[in-house]
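Engineer: Let me begin by handing over the structure; questions about it come next.
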Amino acid sequence: MNKEKLLVAAIENGTVIDHIPTNKLFKVAAILGLEEMSSPITLGNNFPSIKQGKKGVIKISDRFFSEEELSRIAILAPNVRLNVIKNYEVVEKRAIAVPEEIIGLVKCPNPKCITNNEPMKTHFYVVDDKEEVIRCKYCGRKISPTQIELL
Ligand SMILES: [Zn+2]
């Protein structure tokens with residue numbers, strides 16, 4: 001019997017985001033705006049994972065996400081898996097790709113950066129998508145994933 005499958009009951013139509021690092025589950029939920037959604041949502045955490053030891057899972061019924069919405073998750077939690085479900089079947093299963101640019105989502109840690117002193121959106125480039133390092137367009141400050149602070 002498949003233990004992982006039993007823990008995550010099937011949904012008819014919707015999105016399953018799997019392999020979320022357990023310490024990122026609630027941040028991912030916030031980024032997706034789950035609080036404002038009216039469709040049925042299941043959040044699971046500390047599920048056993050062969051790859052990670054433990055993982056988080058989010059299931060959202062009757063909701064499909066744009067690439068832009070999904071790419072925000074990848075900034076915080078690389079290697080997260082997307083499953084799109086239609087009629088109880090997985091019709092799409094893949095890793096979520098990190099975007100090339102991140103606009104208005106991440107705070108620049110440099111207090112002197114213009115984005116911390118003017119009413120404007122932050123703008124980062126992904127400089128190394130293996131290491132998930134991003135660089136501020138305005139001041140050049142590089143940030144590693146553990147330092148990322150969301151706006
Ligand atoms: Zn900056």
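Engineer: Quick check on the range 87-102. Is at least one of its residues touching a helix residue (DSSP H, G or I) at 6+ places or on another chain (Cβ under 7 Å) and within 16 Å of the ligand (Cβ to nearest atom)?
Structural biologist: First, the residues of the range 87-102 that are touching a helix residue (DSSP H, G or I) at 6+ places or on another chain (Cβ under 7 Å): 96-99, 102.
The next check asks that each one be within 16 Å of the ligand (Cβ to nearest atom); those that pass are 102.
Yes - at least one qualifying residue is present in the range 87-102.
Engineer: Just for the range 40-67: of the residues that are within 13 Å of Val16 (Cβ to Cβ) and among the polar types (S, T, N, Q), which one is farthest from the chain's Cα centre (by Cα)?
Structural biologist: Restricting to residues being within 13 Å of Val16 (Cβ to Cβ) and among the polar types (S, T, N, Q), the top hit is Ser61.
Engineer: I would also like to ask the following. Any idea how many residues of the range 119-147 are within 13 Å of the ligand (Cβ to nearest atom) and open to solvent by 100 Å² or more (accessible area, probe 1.4 Å)?
Structural biologist: 3
The values are calculated or read from the model by the stated rules, or taken from the named source; none is laboratory data. What you see is a predicted model, and the numbers here were worked out from it, not measured in a lab. Methodologically, a virtual Cβ is constructed for each residue, glycine included, from the backbone with ideal geometry; neighbour enumeration extends over all protein chains shown. Side chains are part of the model used for accessible areas, which takes the heavy atoms of the whole protein and leaves out ligands, DNA and RNA. Shrake-Rupley method; radii C 1.70, N 1.55, O 1.52, S 1.80 Å.
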